[in-house]
Amino acid sequence: MLHADVALRLGALDLAAEVEVADGEVVAVLGPNGAGKSTFLRAVAGLVSLDGGSITVDGQVLDAPDEGTFVPTHRRPIGVVFQDHLLFPRLSALDNVAFGLQARGMRKAEARGQAAGWLDRMGLADHAGAKPAALSGGQSQRVALARALATEPRVLLLDEPLAALDARTRLHMRAELRRHLATFPGARLLVTHDPIDALVLADRLVVLESGRVTQEGTTDDVVRHPRSRYVAELVGVNLLHGTAAGDRRVRLAGGGELIVADPVPATELAVAVRPQAVTIHRDEPEGSARNAWAATVTDLEARDDRVRVQLAGPVGTGGDGDAGLVAEVTPAAVTALGLAPGTAVWATVKAVDLAVYER
Amino acid sequence: MSGRRGATGQRGRPPWALVPLAALTVTFLLVPFVALLQRAPWSGLADLLRDPVVTDALRLSLISACTATVISLVGGIPLAWMLARTDFPGRSLVRALVVLPMVLPPVVGGAALLFAFGRRGLVGGPVYDGTGFLLPYSLWGVVAANTFVALPFLVVTVEAGLRSANLRYEDAAATLGAGRWMIFRRITLPMTLPSVVAGAVLCWARALGEFGATVTFAGNLQGRTQTMPLAVFLALESDREAAIALSLVLVAVSLAVLLPLRDRWLAA
Amino acid sequence: MLMPVRRLPALVVCAALVGAVACGDDDTADAADGTTTDLAGTITVFAASSLTDAFEEAAEAFEQAYPDVTVELNVAGSSALREQILAGAPADVFAAANPSNMDQVAEAGEVDGDAEVLVHNSLEIAVAAGNPGGVEGLEDFADDSLLIGLCAIEVPCGDFGREVLADAGVTPAPDTEEPDVRSLLTKVASGDLDAGLVYATDVESAGDAVEGIAIPDDVNVVADYPIAALAGAGEPEIAAAFVDYLLSDDGQAILTSYGFAPA
């Protein structure tokens, strides 16, 4: 089990995040570039030292500045798969995988024997003698994984494991990686900016933004209930912040008010609404929608066979730095309504289409 | 097969303005050698080459240059590592010290070596009084002088190589459990091999051609301390043809070592 | 190794010169047809290294007498100078440390007229002040336990040195054969050599740092130092004048003060 309570400053980054990964668990640290994800991982690996906090694996303290303890990287029971794989260019695939075993004192012949077994498991027995330059992206990834696993670490760290692959390979490798990760018994921590990686590979998500954890939970939980703009955008929903103003009423940071279907769970609230659930009218609408407001079109963006319409108004502006509400309509609707930047419209959304949860 | 065949684009086609400059430079280097070849006493060459003066000088030159290079590698690589990777107090001073022998006129270097390791030298004096051991007038003196002037070339080249090495591979090795010594031995050194080779070649060449510091510190005695450059210099005084022959021998030996050096050993 | 002549204190020289001019000494320069013209220009003098100090002073004195004249000295081993002259280096006067080098230059037709003997020099054993090596004579040059230095045989002092030793019946055990006499002297003075075989003038020039041990006359050599104005001289008048000056009483006085034996 890994317990990482990381507090450090590196250049402009101020990182303070705590993550726990149990044996058998895959936790993904998800965040935008510059959030501090890689730094977090490097701290766990011992490549950068903490200013405060502690890192413990199975009870063994690896880094605790307050106690003056620091176990150097090469003595940590970890395995790392790097973003660019970092296979030693002058060694064959076999010798790359055998490297860690030799570092731990195993004799060359025996190390190579075990390494051959790992490569076989990865389906790379034919490429054992190849140099890294001769391997494809996917093959090199598998060698990197085998290399990290060969030393039987207790924690496996993966730094953007699929980032170096082209889209097609990534699709295929994601599934494979999931399979291989499943065979590893220890704690697995992966760091990524790609939400699909996180969704496919991880059991739990930790969202890291600007050095702080903004959300954590199961993947399902995070996706359904995004608590930050970053996650909301990732998942593709509108996120609004507000406070309770009644049993089924939410006052939004932007000034508007929404009526929701179920009783509000708390005082500080987040409201998520899918762009598809927002309807646009030219005139003030009639109908069963409890929530209607006047808005102005600020932007139109064609996306696949839909158009995303950016709306400014009392719903969706203010708070969380959001720049408006996004509604998704068909191109035909755009023409029929005569939508263009600056057009005055009415927007409605049904109470049942609003997901409200504690912020 | 790597993609070096059929190089197009940036590789292999120089910007046109560079070609005449490069050609001019090569000519400048080539003409003296051509002139040397033109004056060579080809008829008497074989006899000259059998002369003990020549064979002794060549033997001494090769032994001392190679020994100096080995010493430079053993001592210079660690020094280069320290300069490239560690931040110790006085680092810039040490780097300046390393560059100094390249800047000093070799004779000054030789004089300094005498003041240090000569019979009345700072270190040489007490050593001589205590043990009777003396560096000057011996082959070890030649090696010392050669090392003094040639070592900086190796250190500077290897330091540059180490600085530009990708540290991430070393990180990866550490995560696999490799301690610092293993990382140095199996990752760093092989990765910086091109710069080590280049540095060793420069060092060897400089040591082979070394004259001023050698004659000032180690003296000049056939069979013991008279290296090729010394023999050439003295031959110029009395027998010009012999001097040219000796020079050609030196050039031939150097070429024999430099030509087989493959491009890829020197490439990163 | 071109050395511009430094301004040395030259009171004594001035006095001698004034005396010479006042007496109307016919060694002061005249034009070839007998008219006296004031000389102006620069000459380059190639001189053997053992002549360095003496020539510097003499050149100073000459420049004093002819203020519009500059004397530039190029000092090196005689054979190196010979090579330079034969290769076409611009020189007006050549003063060598042995006749052989001058003969070679003359054979190539580079000498204007005939060379003359400028001075004589003989060899002396040089030891560091205080003689810490306990050197007594030429026999010690065969002593393996001492650090002995000779000039390389390619330079005149090396050639003569071996002649002296052979005449004395000594087989030397040198530790080094220096390419020029100055570096040999420096090593003796610094204590890096116990003894060296150099010119008497060199012992003189090293001052207090070096002591001399005389060599018996019957085995010592007397080296002739020839001097000549060169055929390719840029300033043949000044060149001839300089040679004449050096051969004059005043010139010789300067030279002997440095330990040379007069011509």
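The values are calculated or read from the model by the stated rules, or taken from the named source; none is laboratory data. Remember, it's a predicted structure, so these values are computed and weren't measured experimentally. Virtual Cβ from ideal backbone geometry, glycine too; neighbours counted across all protein chains shown.
In this structure, does residue B:173 turn out to be modelled with pLDDT under 90, within 28 Å of residue A:103 (Cβ to Cβ) and either within 14 Å of chain A (Cβ to nearest Cβ) or in a helix (DSSP H, G or I) (or both)? I'd like the intermediate steps shown before the answer.
Working: modelled with pLDDT under 90: no; within 28 Å of residue A:103 (Cβ to Cβ): yes; either within 14 Å of chain A (Cβ to nearest Cβ) or in a helix (DSSP H, G or I) (or both): yes.
In short, no.
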Subset tally (residues that are out of contact with any strand residue (DSSP E or B) (no Cβ under 9 Å at 6 or more places or on another chain) and either more than 8 Å from chain B (Cβ to nearest Cβ) or farther than 23 Å from residue B:165 by Cβ (or both)) for region A:67-86: 2
Residue B:83 vs. criteria within 15 Å of residue B:153 (Cα to Cα), touching an Asp or Glu at 6+ places or on another chain (Cβ under 8 Å) and aliphatic (A, V, I, L, M): yes
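Of these, C:118, C:86, C:39, which one is aliphatic (A, V, I, L, M), more than 30 Å from residue C:141 (Cα to Cα) and out of contact with any Phe, Trp or Tyr (no Cβ under 9 Å at 6 or more places or on another chain)? First the steps, then the outcome.
On the way: C:118 fails: out of contact with any Phe, Trp or Tyr (no Cβ under 9 Å at 6 or more places or on another chain); C:39 fails: out of contact with any Phe, Trp or Tyr (no Cβ under 9 Å at 6 or more places or on another chain).
Answer to the check: C:86.
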Criterion violated by residue A:171 - all others in (1) in contact (Cβ under 8 Å) with a residue 24 or more places away in the chain; (2) away from chain B (no Cβ under 14 Å) satisfied: (1)
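So for region C:114-129 (the condition being out of contact with any strand residue (DSSP E or B) (no Cβ under 8 Å at 6 or more places or on another chain), surrounded by fewer than 23 Cβ atoms within 10 Å (Cβ to Cβ) and modelled with pLDDT of 90 or more), does at least one residue qualify? Can you show your working first?
In the first step, residues of region C:114-129 are kept if they are out of contact with any strand residue (DSSP E or B) (no Cβ under 8 Å at 6 or more places or on another chain); the result is none.
No, that holds for no residue.
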Residue in region C:223-239 that is more than 30 Å from residue B:118 (Cα to Cα), touching a strand residue (DSSP E or B) at 6+ places or on another chain (Cβ under 6 Å) and in a helix (DSSP H, G or I) present: yes
Residue pairs meeting the criteria (Cβ under 9 Å; at least 6 apart or on separate chains; first under 16 Å from residue B:78 (Cα atoms), in region B:140-164; second aliphatic (A, V, I, L, M) and not in a helix (DSSP H, G or I)): B:161/B:268
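A quick yes/no check of all residues on (1) closer than 30 Å to residue C:147 by Cα; (2) at pLDDT below 90:
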{"position": "C:50", "(1), (2)": "yes, yes"}
{"position": "C:54", "(1), (2)": "yes, no"}
{"position": "C:62", "(1), (2)": "no, no"}
{"position": "C:75", "(1), (2)": "yes, no"}
{"position": "C:78", "(1), (2)": "yes, yes"}
{"position": "C:82", "(1), (2)": "no, no"}
{"position": "C:90", "(1), (2)": "no, no"}
Where a residue in region B:23-39 is loosely packed, with under 10 Cβ neighbours inside 10 Å and its partner, wherever it lies, is assigned to a helix (DSSP H, G or I), with Cβ under 8 Å and at least six apart: none
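Every residue, every condition in (1) within 14 Å of chain C (Cβ to nearest Cβ); (2) in contact with a Gly (Cβ under 7 Å, 6 or more places away or on another chain); (3) β-branched (Val, Ile, Thr), yes or no:
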site: B:187; (1), (2), (3): no, no, yes
site: B:203; (1), (2), (3): no, no, no
site: B:206; (1), (2), (3): no, no, no
site: B:211; (1), (2), (3): yes, no, no
site: B:225; (1), (2), (3): yes, yes, yes
site: B:234; (1), (2), (3): yes, no, no
site: B:238; (1), (2), (3): yes, no, no
site: B:256; (1), (2), (3): no, no, no
site: B:259; (1), (2), (3): no, no, no
Extreme residue, surrounded by the fewest Cβ atoms within 10 Å (Cβ to Cβ), among residues of region A:87-104 that are within 9 Å of chain B (Cβ to nearest Cβ) and of a type in the set (Gly, Ala, Ser): A:103
Of residues in region C:192-209 being in contact with a strand residue (DSSP E or B) (Cβ under 6 Å, 6 or more places away or on another chain) and within 14 Å of chain B (Cβ to nearest Cβ), the one farthest from residue B:121 (Cα to Cα): C:196
Failed item in (1) assigned to a loop (DSSP other than H, G, I, E, B); (2) touching a strand residue (DSSP E or B) at 6+ places or on another chain (Cβ under 8 Å); (3) not β-branched (Val, Ile, Thr), with residue C:144 passing the rest: (2)
Some residue of region A:110-118 being buried (at least 21 other Cβ atoms within 10 Å of the Cβ), within 14 Å of chain B (Cβ to nearest Cβ) and free of Cβ contacts under 8 Å to residues at least 24 places away in the same chain: yes
Residue list for region B:72-107, filter: without any contact (Cβ under 8 Å) to a residue 12 or more places away in the chain and within 14 Å of chain C (Cβ to nearest Cβ): none
Residue match in region B:203-217 (condition: surrounded by fewer than 21 Cβ atoms within 10 Å (Cβ to Cβ), out of contact with any Pro (no Cβ under 9 Å at 6 or more places or on another chain) and not aromatic (Phe, Trp, Tyr)): yes
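Filter region C:135-191 down to residues that are of a type in the set (Asp, Glu) and within 11 Å of another protein chain (Cβ to nearest Cβ) and give me whichever is surrounded by the most Cβ atoms within 10 Å (Cβ to Cβ).
Step one: of region C:135-191, the residues of a type in the set (Asp, Glu) are C:136, C:139-140, C:143-144, C:154, C:159, C:163, C:167, C:175, C:177-178, C:180.
Next, from what is left, pick out any that are within 11 Å of another protein chain (Cβ to nearest Cβ): C:154, C:159, C:175, C:177-178, C:180.
Details: C:154: 19, C:159: 18, C:175: 24, C:177: 26, C:178: 28, C:180: 23.
Within region C:135-191, the match that is surrounded by the most Cβ atoms within 10 Å (Cβ to Cβ) is C:178.
Which fully enclosed helices (runs of 4 or more DSSP H) of region A:177-274 have 3 or more residues being out of contact with any Gly (no Cβ under 9 Å at 6 or more places or on another chain) and charged (D, E, K, R)? Talk me through it step by step, then tell me what you get.
Details: elements: A:195-201, A:219-224, A:229-235.
Counting at least 3 such residues, we get A:219-224.
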Selection status of residue A:19, of a type in the set (A, V, I, L, M, F, W, C), touching a strand residue (DSSP E or B) at 6+ places or on another chain (Cβ under 9 Å) and more than 20 Å from residue A:217 (Cβ to Cβ): no
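Hey, among the residues in region C:108-134 that are more than 14 Å from chain B (Cβ to nearest Cβ) and part of a loop (DSSP other than H, G, I, E, B), which one's farthest from residue C:180 (Cα to Cα)? Lay out the reasoning, then the answer.
Restricting attention to region C:108-134, the residues satisfying the condition of being more than 14 Å from chain B (Cβ to nearest Cβ) are C:109-126, C:131, C:134.
Then drop every residue that is not part of a loop (DSSP other than H, G, I, E, B), which leaves C:109-110, C:112-115, C:131, C:134.
Numbers: C:109: 27, C:110: 25, C:112: 28, C:113: 29, C:114: 27, C:115: 24, C:131: 22, C:134: 25 Å.
Here the answer is C:113.
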Flag if residue A:53 is surrounded by fewer than 22 Cβ atoms within 10 Å (Cβ to Cβ), at the interface with chain B (Cβ under 10 Å from one of its Cβ atoms) and at positive phi: no
Residue list for region B:124-170, filter: within 14 Å of chain C (Cβ to nearest Cβ), part of a loop (DSSP other than H, G, I, E, B) and surrounded by fewer than 23 Cβ atoms within 10 Å (Cβ to Cβ): B:132, B:133, B:134, B:138
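Can you tell me which residue is nearest to residue A:358 (Cα to Cα) among those in region A:275-293 that are assigned to a strand (DSSP E or B) and aliphatic (A, V, I, L, M)? Spell out how you get there, then give the answer.
Step one: list which residues in region A:275-293 are assigned to a strand (DSSP E or B), which gives A:279-281, A:291-293.
When the remaining residues are screened for being aliphatic (A, V, I, L, M), the result is A:280, A:292.
Working: A:280: 28, A:292: 23 Å.
So the residue we want is A:292.
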Qualifying residue in region A:329-338 (condition: touching a residue at least 40 places away in the same chain (Cβ under 8 Å), under 25 Å from residue A:224 (Cα atoms), crowded, with 17+ Cβ neighbours inside 10 Å and among the hydrophobic types (A, V, I, L, M, F, W, C)): yes
Every residue from region A:154-164 that is in a loop (DSSP other than H, G, I, E, B) and over 14 Å from residue A:87 (Cβ atoms): A:154, A:160, A:162, A:163
Residue C:197 vs. criteria outside any helix (DSSP H, G or I), at pLDDT 90 or above, more than 24 Å from residue C:94 (Cα to Cα) and touching a helix residue (DSSP H, G or I) at 6+ places or on another chain (Cβ under 7 Å): yes
